[in-house]
Amino acid sequence: RMNSGSYDYSFKILLIGDSAVGKSSLLSSFISNCVVQDLTPTIGVDFKIKHLTAQGKRMKLTIWDTAGQERFGTLISSYYRGAQGIILVYDVTRRETFVNLAKTWAKEVERFSTNHECVKILVGNKVDKDSEREVTREEGMALAAEHKCLFFECSAKTRENVHQCFRELILKILEVP
Ligand code: GDP
């Protein structure tokens, strides 16, 4: 945690999960007030910065997006280094993205995230496509409980629950001693 003139805290937050679950869309949806458009995947790590105030504290959030690196099945350890928050994303309409989170990404996080106080949140995205749902809310809640994560279902497209999800994560990070 840093202290500087323009903010009280600086937090690094990561987005993790399979390709096309909506990580970049969630980030855009949170950062700007624009409606999400189709994004072209890019190569390398991408990050965005957002300043906000919560509970009277000014915060600088640096949110890292894999920008396609997840297709290689692993992320470089510097991606994880020093992160205060990790957002684990799956697509509620594609069961394999949920299974992969449990199998692959949760293990990666445990292996590489050096900060043991790191707050995790499991996010089921694309709830606007409810008729195509392959993962129930209950299953999401159970996986979150197993990995000691917060849990949210949201839609980057309609922006339902997106701000609540980031807000919940930030409030939890602020509680870390
Ligand atoms: P990433 O690879 O995990 O960063 O996923 P993207 O953000 O690139 O999203 C992959 C595709 O899913 C894009 O075509 C998005 O427009 C679409 N998408 C992302 N979030 C949602 C959502 O909440 N609902 C719907 N219906 N589509 C979404």
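Numbers below:
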{"item": "Out of Tyr90, Tyr9, sole residue that is closer than 26 Å to Leu143 by Cα, at pLDDT 70 or above and surrounded by 15 or more Cβ atoms within 10 Å (Cβ to Cβ)", "result": "Tyr90"}
{"item": "Test: residue in the range 169-177 that is over 16 Å from the mean Cα position of the chain (by Cα), within 18 Å of Ile63 (Cα to Cα), in contact (Cβ under 8 Å) with a residue 40 or more places away in the chain and away from the ligand (no atom under 16 Å from the Cβ)", "result": "yes"}
{"item": "Hits in the range 115-145 - residues which are within 14 Å of the ligand (Cβ to nearest atom), of a type in the set (A, V, I, L, M) and under 15 Å from the mean Cα position of the chain (by Cα)", "result": "Val123"}
{"item": "Scan of the range 135-144 for residues that are among the charged types (D, E, K, R) and more than 22 Å from Arg159 (Cβ to Cβ), ordered by number", "result": "Glu138, Glu139"}
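Here is a yes/no grid of residues against (1) modelled with pLDDT of 80 or more; (2) touching a Pro at 6+ places or on another chain (Cβ under 9 Å); (3) at negative phi; (4) of a type in the set (Ser, Thr, Tyr):
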residue	(1), (2), (3), (4)
Gly5	no, no, yes, no
Ile13	yes, no, yes, no
Ser28	yes, no, yes, yes
Ile31	yes, no, yes, no
Cys34	no, no, yes, no
Thr42	no, no, yes, yes
Asp46	no, no, yes, no
Leu52	yes, no, yes, no
Thr62	yes, no, yes, yes
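The values are calculated or read from the model by the stated rules, or taken from the named source; none is laboratory data. Source: prediction; values computed, not measured. Cβ sites come from the backbone with ideal geometry, for glycine too, and all protein chains shown count toward neighbours.
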